[in-house]
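Structure first, commentary second.
Every number here is computed from the coordinates shown, using simple stated rules; none is lab data. Predicted model only: the values in this text are computed from it and were never measured. Note that each Cβ is placed from the backbone with ideal geometry, even for glycine, and that neighbours are counted across all protein chains shown.
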Amino acid sequence: MRVRTNAYGPGRAWLRSRGFATTLRYRVRRARKVGPLAAKLLLLPIDLILSIRRPSDAELPSSAAIGPGFHLPHPQGVVILQQARIGPHVSIFQQVTLGAWAGGVPRVKSRAVLYAGAKVIGGVIVGRRAFVGANAVVVADVPPWHVAIGVPAQAKRRKDVPEAGRTAFLKPEV
């Protein structure tokens with residue numbers, strides 16, 4: 001009998017994924033930065049092992065505030081600014097940049113998805129459950145439940161969720 005090695009099967013392939021390793025490295029470095037001295041000393045060997053064993057292609061600074069459930073399926077080329085704030089359960093695909101412009105820092109609210117090559121620049125807020133399309137350049141706010149597409153990105157209402165369903169999932173903003 002063959003054992004399946006997908007992300008949900010008993011093979012635990014997700015443990016070997018680059019996205020998991022990059023996110024784990026961020027979590028360890030963040031704990032070392034803001035935790036007590038004992039945590040800093042205990043996590044130092046883990047931090048060194050993770051850095052040596054699998055170097056990352058993503059720039060994920062430990063000073064960035066990233067919520068739980070962060071999903072980074074393809075970390076190649078991801079650049080996140082040090083002051084950026086990312087809410088819980090956000091997915092970011094390859095080649096995404098969150099950068100500063102004119103003193104503003106981007107914020108991504110919970111359950112948003114930023115697809116491949118998207119650039120979010122300046123003091124922009126990407127709303128809850130919003131999508132930023134591939135290669136979009138976002139320089140203005142994206143409201144909740146909208147899709148931002150194009151260069152420069154224009155927000156359009158998502159049609160996959162009926163109007164009544166838009167408020168069913170809303171909880172206090174993060």
Eigenvalues of the alpha-carbon gyration tensor of the range 112-155, times 5 and square-rooted, give semi-axes in Å, largest first, of 13, 11, 9
To the nearest 0.05, the calculated FRET efficiency linking residue 141 and residue 33 through their beta-carbon distance, R0 being 30 Å, is 0.55
Along principal axes, largest first, the alpha-carbon spread of the range 15-142 in whole Å comes out as 42, 28, 23
Once residue 83 and residue 18 are pulled to full extension, the length gained, defined as 0.36 nm per residue separation minus their Cα-Cα distance, is 21.1 nm
